[in-house]
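For reference, the structure is listed below as structure tokens.
The values are calculated or read from the model by the stated rules, or taken from the named source; none is laboratory data. Just so it is clear, the structure is predicted and the values come from calculations on it, not from any experiment. Quick reminder, even Gly has a Cβ in these numbers, built from the backbone with ideal geometry, and neighbours come from all protein chains shown. Protein only, heavy atoms only, side chains kept; ligands, DNA and RNA dropped before computing areas. Shrake-Rupley method; radii C 1.70, N 1.55, O 1.52, S 1.80 Å.
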Amino acid sequence: MSTERYLHLNLVGNEINHHQGALAFERDHGGGPDRTANAYEPISEMGKLAEEGYFTAMFLGDIAGTAGSPAPDGGPPEPITAFAALARETTSLGLIATASTSFYDPYNLARLLASIDQISDGRAGFNAVTSVSDEWAQNYSLEQHLDRETRYRRCDEFLDVCTALWEKREIRDDADGIRRFYAEQINHRGDNFQVLGPLNVAPSPQGRPLIAQAGGSGPGIRVAAKHAEMVFTNANTREQAADYRKQLDAALIERGRAAGSVPAIPGLVPYLGATKEAAEEKVRLLDENVPYELYAPFALVQFGLEFTFDSIDDPFPLDQIPTPESVKDTIKSTYGNYVGLYTWISERPGVTVREVTAQSLARGGAQHRKFIGTYDDFVDDLAAWHSDGTVGGFNLMFPTGVIDIREFVAEVVPRLVDRGIYRGKSDTRPLRERFV
């Protein structure tokens, strides 16, 4: 058996993660499909390019509401529905659909994801999130969003139910030699859910969908340690990645699981070019399409925070926003993202409101790390992180979608393969086996 350890590269396919100037850039540079007739087309094209580049999987986030209109990706399809289509257009790409444990019913979601797992022949995954926003919660007959501790208790029980439903199924030969599907009741009675079962969808070759989770701290890490087979993290430095690895491993050991058994995979936004100047020029051209004066007040809205300033070129008023420790139980959105942004600002004395707005909002990928440089420099960077052994790979969020993914497949993938840190062919195993 080969002991070679390869980087996992996952594509984050929602266009909301692109640079906010991407649509105008694509218009001027001839890239990207026409969104006016079919909002699924960008997902289809990006997914097929990801498979061409040997990506392990594709993530689609579930945008359960909208803070305003127009949406940056023209009203994206719901992820499970989109993956039902993409499953028939791809043969090896993993399909990890995000769904909210705060809004869904576990039996219903278990059926939907099990169906995608069948359709894709064992390539489905479930990115379990607890969601944000009172406005979104009110779309699901809730008066307001649940508090952080309650959300994660519900998430834990939700995953208990889904896992039980998925695992109490089998296909076996009867005495007459005919293959039949069998499933058992689970008789779950909990604080949030009462589910009898059984699940009436047969298992795929991988048995059940992979479970991914974004455990940033505290209750999130505990849920990840109990349930996850891959964790979507935020790490802007290799030191942060190492610290998170220690926290996750401690939680895994406490749950009776082996340290290092669940890969932590941080988000990353690459701005690349043949030269450093070309990469920087791409950023400049994209930035030209962003009205920073209008965007700046919304830089921290996803966390439920506001700040005041006189000019977007003033130093960012860090003293106006709370420390992560003081809001870890109440913060809106992902706690790990807030820690990442707060740390990024703290480590850059004098950083301006404009620069914080670019990092947190305008340049895509929320608070995840941005890399600006050459193809070779990027490969060197990934190799250094890979050698540390603290991350399993990266969840890539490209600034312009199709243009950048096509460039990445042509220029970066061959370099990664030559370096010996990236699989030079598609992984055709069931998705859960790939992250072991």
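In percent, rounded to a whole number, the relative contact order of region 138-294 is 14, using alpha-carbon pairs under 8 Å and six or more apart. According to the Kirkwood relation over distinct C-alpha pairs, the hydrodynamic radius of region 38-163 is 15.4 Å.
Give me the percent of Cα-Cα pairs in region 215-280 that sit more than 19 Å apart, rounded to a whole number. Let's see the in-between values first.
Details: 807 of 2145 pairs.
In whole percent, the share of Cα-Cα pairs in region 215-280 beyond 19 Å is 38.
In this calculation the C-beta distance from Asn200 to Thr343 is compared with R0 = 45 Å, giving a FRET efficiency of 0.45.
Contact order, relative form, for the chain: 23 percent (alpha carbon pairs under 8 Å, 6 or more residues apart, mean separation divided by residue count). Each principal axis of the Cα cloud of region 93-142 was evaluated for its coordinate range; sorted largest first, these ranges are 37, 20, 12 Å.
If you add up the charges near Arg245, with Lys and Arg at +1 and Asp and Glu at -1, over every other residue whose beta carbon is less than 12 angstrom from its beta carbon, what do you get?
Once all neighbours under 12 Å are counted, the net charge is -2.
Segment Asp388..Glu52, full-extension length gain: 118.2 nm, with 0.36 nm per residue of separation and the alpha-carbon distance subtracted. Just read off the accessible area of Asp310 with the full protein assembly in place, 1.4 Å probe, to the nearest 10 Å². Approximately 150 Å² for this residue.
Once you list every other residue whose beta carbon is under 9 Å from the beta carbon of Arg179, what net charge do they have if Lys and Arg are +1 and Asp and Glu are -1? So the surrounding residues net to 0. The residues of region 77-205 have, on average, 46 Å² of accessible surface per residue, using a 1.4 Å probe with all protein chains present.
Solvent exposure of His188, expressed as accessible area, is near 40 Å², computed with a probe of 1.4 Å over the protein chains only.
Taken over region 117-185, the percentage of Cα pairs per 5 Å bin, counting from 0 up to the bin with the maximum distance, is 3, 12, 14, 18, 14, 12, 11, 6, 4, 3, 2, 0.
Once the piece of chain linking Thr81 and Phe193 is laid out straight, how much longer is it, given 0.36 nm per residue of separation minus the C-alpha distance between them? Mind showing how you got there, number by number?
Details: separation 112, 0.36 × 112 = 40.32 nm, distance 2.48 nm.
Gain on extension, Thr81 to Phe193, equals 37.8 nm.
Of the options (i) 22.0; (ii) 18.7; (iii) 25.5, only one is mean projected area of the Cα convex hull in nm² as computed from these coordinates, and that is (i). Taking amide hydrogens as placed 1.01 Å from N in the peptide plane, the amide H of His18 sits under 5 Å from those of Gly365, each at least 5 positions away in sequence or on another chain. Using DSSP loop states and a limit of at most 11 other Cβ atoms within 10 Å to flag GluC sites (Glu not before Pro), what is the longest stretch of the chain containing no flagged site? It works out to 144-287. Helix content alone sets the calculated 222 nm mean residue ellipticity of the chain: runs of n ≥ 4 DSSP H residues at -39500 (n - 2.57) each, divided across all residues, give -11000 deg cm²/dmol. Per atom type, the chain shows carbon and sulfur on 48% of its accessible surface, probed at 1.4 Å.
Only alpha carbons enter this Debye calculation for region 289-343, each as an equal point scatterer, and the log10 of I(q)/I(0) it gives at q = 0.14, 0.16, 0.22 Å⁻¹ is -0.40, -0.51, -0.90.
With contacts taken as Cα pairs under 8 Å and at least 6 residues apart, region 76-153 reaches a relative contact order of 31 percent. With a cut-off of 12 Å between beta carbons, the residues surrounding Asn127 carry a summed charge of -2, where Lys and Arg count +1 and Asp and Glu -1. A Cα-only calculation for region 299-436 places Rg and Dmax at 18.3, 55 Å. Rolling a 1.4 Å probe over the heavy atoms of the protein chains gives region 333-434 an accessible area of 34 Å² per residue.
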